[in-house]
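The values are calculated or read from the model by the stated rules, or taken from the named source; none is laboratory data. Please read all numbers here as calculations on a predicted model, not as lab measurements. Positions of Cβ are generated from backbone atoms using ideal geometry, with glycine treated the same way; all protein chains shown enter the neighbour counts. Ligands, DNA and RNA are stripped out before the accessible areas are found, and what is left, the full protein with its side chains, is counted by its heavy atoms. Shrake-Rupley method; radii C 1.70, N 1.55, O 1.52, S 1.80 Å.
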Amino acid sequence: MERLFTGTDLLTIGFKENTVLGHALTLVNEKYASQEKEEVLALLKKVNDYPENFLDDEVLGTLASAMIEEANILKEDEIPLVENPETYTIYGEKHIEEGAKTQMDVAMKLPVTVAGSLMPDAHQGYGLPIGGVLATKNAIIPYGVGVDIGCRMALSVYDIPEGFFMENQAKFKRELIAQSKFGAGQGFKGRDKTTHDILDRDEFNMNQLLKSLQDKAWSQLGTSGGGNHFVEFGIIEFEQRDEILNIDKGRYVALLTHSGSRGLGATIAGHYTKLAKSMCKLPREAQNLAYLDLSTQEGQEYWMAMNLAGDYASACHQVIHDKMERALGGKVLAKVENHHNFAWKEILNGEEVIVHRKGATPADKGVMGIIPGSMTAPGFLVRGKGEENSINSASHGAGRQMSRTQAIKSITRDDMRQVLKDHGVTLIGAGKDEAPMAYKDINTVMASQTDLVDVVAKFTPKMVRMADDGSRED
């Protein structure tokens, strides 16, 4: 028998993906296949909206009864969302896709949400959008932190002049390859492994999960993984002396790194997201925002594991920067580091909240941060202004304007090579999904957040290393 009605038809008029959907499809294709489709769908919409009016209907009574039963189960099992949530501030709204705003709308409806904000580089992610900032009351959302816990930027400014770099690019390229390691699942072996105090942290003995990850964490210490992570040399320009950093006006060679907590963080995120979803039953549209109460053992476990992963990510950057400093022999004039996939305990409107920044840079008053562009676009060393409407946050980069799949399909290798040549950038590795054209204009993004940060210096990429396998990550 030909099926006149599909699941999409019923979802369009308001049905949900549950057992009732299958029941309804079987019923309408058996009983209403000969009738006008639009009329039947109009009737089904009435049943879906007001099932109690159809309990006595000879044909539709069983479906109406099943709907009411399903609704009662949901009411008992699910945590309801807030019907009239607080508003939130969006920066650079006209450049943000609807999917990201829709996800933020849902996040604002969580019963634990206190405040939110959306950064100008925002785009759709899982649960909380990339570029989303969410403050909650005594609750932590694993997908509000992100899969790559503690992912961060780190910058070392050397006393090496621009001219030296331009005249010795072969040396810098050699050290860039020698002192970094990329690729999903990649790590060091034997004598190539690096020791660090992070590996002796007590949290590794907190439970069997973390204990089982200790060896992997050791082998991956000082590596950068895949995806959009990079290690790059560039020229940073201070247009005037910065008293706080004690750096004179001028152009200097700098090392900029972007990576996170590798397999350690990814495994922690997966485990505690699954746990949160089993404990915190939310409506379908909010399931990836499942949260853990910080008053529970599970919530405290995740909080400690998240902080361990964040400190581990920082240790990875430290290892890379220390290796490079020794290899180059230059003096480091200043170091700046910030993470952008994390949650912090902060005070907002006089009360302690948990601030999730998923792809957002901390920008409290005076706090330093790094906001990169793309492999050919400038990045910016910034100082936060402490804007309360943004929950003391700023963007974490330019943000994607093409999905990885779209970039791979629409950008050619020749296009990518030409853009790199035009900007005088040497690229080692990277897939087409990381092509400069896949990202928004960083200058437009920065113009949307002048209330959030002051620009201290401008970083121009010159030599970039990324994973050879493109978008693959742990």
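Give the aspartates and glutamates whose C-alpha is closer than 18 Å to that of K31, dropping any in the same chain fewer than 8 places away, or say none.
E2, D9, E39, D56, D57, E58
Counting only the heavy atoms of the protein chains, how much of K211 is accessible to a 1.4 Å probe, in Å² to the nearest 10?
Rounded to the nearest 10, the figure is 90 Å².
Within 10 Å of each candidate Cβ there may be at most 13 other Cβ atoms; applying that plus a DSSP loop requirement, which GluC sites (Glu not before Pro) in region 222-316 survive?
E239, E243
How much solvent-accessible surface does E17 expose, in Å² to the nearest 10, with a 1.4 Å probe and all protein chains in place?
Rounded to the nearest 10, the figure is 110 Å².
Using a 1.4 Å probe on the protein heavy atoms, what percent of the accessible area of region 205-248 belongs to carbon and sulfur?
Accessible surface attributable to carbon and sulfur in region 205-248 totals 43 percent.
Once you have the Cα-Cα distance between E97 and N138, take 0.36 nm times their residue separation minus that, and quote the gain in nm to one decimal.
Numbers: separation 41, 0.36 × 41 = 14.76 nm, distance 3.00 nm.
Working it through step by step, the gained length comes to 11.8 nm.
Expected output is a single nm value to one decimal: the length gained when fully extending between E38 and E58, i.e. 0.36 nm times separation in residues minus the C-alpha distance. What is it?
Fully extending the segment from E38 to E58 adds 5.1 nm.
Once you've got the Cα coordinates, tell me which of K46/K274; K109/K358; K281/K358; K137/K216; K173/K193; K101/K421 are over 26 Å apart.
Beyond 26 Å between Cα atoms: K46/K274; K137/K216; K101/K421.
Mind checking the per residue accessible area of region 231-361 for me, 1.4 Å probe, whole number of Å²?
Value for region 231-361: 39 Å² per residue.
May I ask you to give the percent of accessible area on region 345-445 that is carbon plus sulfur, with a probe radius of 1.4 Å?
That share works out to 46 percent.
With θ set to phi - 60° and the Karplus curve 6.51 cos²θ - 1.76 cosθ + 1.60, what are the ³J(HN,Hα) couplings of region 329-336 in order, to the nearest whole Hz, using x for Gly and Pro?
After applying 6.51 cos²θ - 1.76 cosθ + 1.60, I find x, x, 8, 8, 7, 7, 10, 10 Hz.
Per the 1.4 Å probe, what fraction of the accessible area of region 103-147, in percent, lies on carbon and sulfur atoms?
So the carbon and sulfur contribution to the accessible surface is 51 percent.
Would you grab the residues whose amide H sits under 5 Å from the one on V456? Only those 5+ places off in sequence or on another chain, please, with H modelled 1.01 Å from N.
L381, V382, R383
Any chance you could give the angle, 0 to 90 degrees and rounded to 10, that helix 169-178 forms with the longest Cα principal axis of the chain?
Between helix and principal axis, roughly 50 degrees.
Which one, (i) 23, 49, 22, 6, 0; (ii) 22, 44, 26, 8, 0; (iii) 27, 59, 14, 0, gives P(r) over Cα pairs in 20 Å bins from 0, in percent as derived from the coordinates shown?
Working out P(r) over Cα pairs in 20 Å bins from 0, in percent from the coordinates points to (i).
Rank these residues by their accessible area, most exposed first, probe 1.4 Å: I244, I371.
The residues order as I244, I371, largest area first.
Specify which residue in the list M368, Q220, C151 is farthest towards the positive end of the charge dipole of the chain, using unit charges on the beta carbon of Lys, Arg (+1) and Asp, Glu (-1), about the Cα centre.
After comparing all options, I get Q220.
Could you tell me what percent of the DSSP beta bridges with both partners in the chain are antiparallel, to the nearest 5? Walk me through the numbers before you get to the answer.
Values: 66 of 71 bridges.
Of all bridge pairs located within the chain, approximately 95 percent are antiparallel.
Going by amide H atoms built from the backbone, whose H comes under 5 Å of the H on S395, apart from near neighbours?
T361
Report the FRET efficiency, 1/(1 + (r/R0)^6), for F164 and D364, where r is their Cβ-Cβ distance and R0 is 45 Å, rounded to 0.05.
0.80
Go ahead and run the numbers for FRET between D441 and K274, Cβ-Cβ distance against an R0 of 56 Å, rounding to 0.05.
With R0 = 56 Å, the Cβ-Cβ based efficiency is 0.90.
Hey, what does the equivalent ellipsoid look like for region 1-46, semi-axes from the Cα gyration tensor as sqrt of 5 times each eigenvalue, largest first, whole Å?
Output for region 1-46: semi-axes of 15, 12, 8 Å.
Give me the distance between the Cα centres of region 235-295 and region 105-184, rounded to whole Å.
5
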